[in-house]
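The values are calculated or read from the model by the stated rules, or taken from the named source; none is laboratory data. All values derive from a computational prediction rather than experimental measurement. Neighbour counts are summed over all protein chains in view; Cβ atoms, including those assigned to glycine, are modelled from backbone coordinates with ideal geometry.
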Amino acid sequence: MNLLFCGNSKVFDGVLTCLLSIVKRTTENVRLNVFLFTMDVSRIKADYVPITDAEVDFLQNILRKYNLKSTVKKVDVTQLYEENFAGSPNEGAYCSPYTLIRLFADLVPKMPDKILYLDADVMFNRDARLLYDIDVTDYEYAAANDHYGKYLIRHDYINAGVLLLNMKKIRQTGLFEKARKLICTKKLVFADQSAIIRSTTRKKLLPQKFNDQKFLHKHTVVRHFSKRLFWLPYPHTDNIKQWQVDKVHKVFRYHAFDDIYEEYLHYKSMLDKSMLENK
């Protein structure tokens, strides 16, 4: 199973919890090939530096407790970013410039033909094969609706936080190439998500259970912890992430991930202790 994440050290907790959810919810002893795109754009902000080799090695060591052949590969795309997006209208993207770098997946050598892109704030509630094994042969990608966009924008508006990518088809249609041109020429409300949607030739629309941004049901495969609207005690938005364990318990009252959290907190404590010892 090929996976793609993007970010700096700030995505570590999200990637760790997400990977743990995959290996613990997938019945088959699955081999994971994880690609982690990162970069150094500290010229924009001091903490916009690559995820560390130590963090990448730590993730790989954990995965190999489940399958000895699993890998986590760090891919530094700093040069690609500076050549393509430096000074672009979307450099100050709504999240961070790291959200743009998945658009380089067709330029990075030896990327597999099928890869599942995941935002770092998702967790699997059921077997990841239910999503990964979906046939996308005739499509550029498969994705589920954006919870709010399907009402406010159009019925087939997708959320790009979970994308099952057919890289062979994407290279043929030039999806990411077209998206990069949009990023460079026009300020977009949702940056790369908007660019992908506008550049799409053919997508497969998936049921909401494959990227549920609001609810957790028994049938939910992927719970996406994106910003959402709460009505009580007054209308407001909040951006609770899955690694904020106390908030997940208190606000969402979720306990379906407690076995994952137990391992996450254990491994996180191990890493923190190791980092203190190496200072």
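Which of the residues spanning region 231-259 are under 22 Å from the mean Cα position of the chain (by Cα), over 19 Å from K10 (Cα atoms) and modelled with pLDDT under 95? Selection gives T237, F252. Taking region 71-90 as the range and being surrounded by fewer than 18 Cβ atoms within 10 Å (Cβ to Cβ), out of contact with any strand residue (DSSP E or B) (no Cβ under 8 Å at 6 or more places or on another chain) and either in a helix (DSSP H, G or I) or in contact (Cβ under 8 Å) with a residue 24 or more places away in the chain (or both) as the test, the residues that pass are Q79, E82, E83, P89. When I260, I240 are checked against the criterion of being of a type outside the set (S, T, N, Q), part of a loop (DSSP other than H, G, I, E, B) and in contact with a helix residue (DSSP H, G or I) (Cβ under 9 Å, 6 or more places away or on another chain), a single residue qualifies: I240. Within region 50-70, the set of residues being in contact (Cβ under 8 Å) with a residue 40 or more places away in the chain, part of a helix (DSSP H, G or I) and surrounded by 19 or more Cβ atoms within 10 Å (Cβ to Cβ) comprises E55, F58, L59, I62, L63. Right, L163: hydrophobic (A, V, I, L, M, F, W, C) and assigned to a strand (DSSP E or B) or not? Against the criterion (hydrophobic (A, V, I, L, M, F, W, C) and assigned to a strand (DSSP E or B)), L163 qualifies. For M270, the conditions (1) under 21 Å from the mean Cα position of the chain (by Cα); (2) of a type in the set (A, V, I, L, M); (3) under 25 Å from A54 (Cα atoms) all hold with the exception of (1). Among residues of region 10-23 being surrounded by 15 or more Cβ atoms within 10 Å (Cβ to Cβ) and not hydrophobic (A, V, I, L, M, F, W, C), the one that is farthest from I134 (Cα to Cα) is D13. Suppose the filter is under 15 Å from L182 (Cβ atoms), modelled with pLDDT of 95 or more and among the hydrophobic types (A, V, I, L, M, F, W, C); does L68 pass it? No; evaluated as a whole, the condition is false for this residue. When residues in region 24-41 are screened for being exposed (fewer than 13 other Cβ atoms within 10 Å of the Cβ) and polar (S, T, N, Q), 2 of them pass. Restricting region 113-159 to residues that are at pLDDT below 95 and more than 14 Å from P207 (Cα to Cα), the residue that is surrounded by the most Cβ atoms within 10 Å (Cβ to Cβ) is G149.
Residues in region 13-49 that are in contact (Cβ under 8 Å) with a residue 40 or more places away in the chain, polar (S, T, N, Q) and out of contact with any Pro (no Cβ under 6 Å at 6 or more places or on another chain) were compared, and the one that is farthest from K73 (Cα to Cα) is T27.
Of all residues being over 30 Å from R31 (Cα atoms) and small (G, A, S) in region 61-95, which is nearest to the chain's Cα centre (by Cα)? Just the residue, please. So, considering only residues that are over 30 Å from R31 (Cα atoms) and small (G, A, S), the one nearest to the chain's Cα centre (by Cα) is A93.
Of the residues making up region 174-195, those that are of a type outside the set (G, A, S), modelled with pLDDT under 95 and closer than 19 Å to A144 by Cβ number 3.
Quick grid of which residues meet (1) among the charged types (D, E, K, R); (2) surrounded by fewer than 19 Cβ atoms within 10 Å (Cβ to Cβ):
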residue	(1), (2)
A179	no, no
I183	no, no
L188	no, no
R198	yes, yes
L205	no, yes
R223	yes, no
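Of the residues in region 37-56, at least one is modelled with pLDDT of 95 or more and under 14 Å from the mean Cα position of the chain (by Cα). Filtering region 208-266 to residues that are closer than 23 Å to Y94 by Cα and among the aromatic types (F, W, Y) leaves F225, F230, W243.
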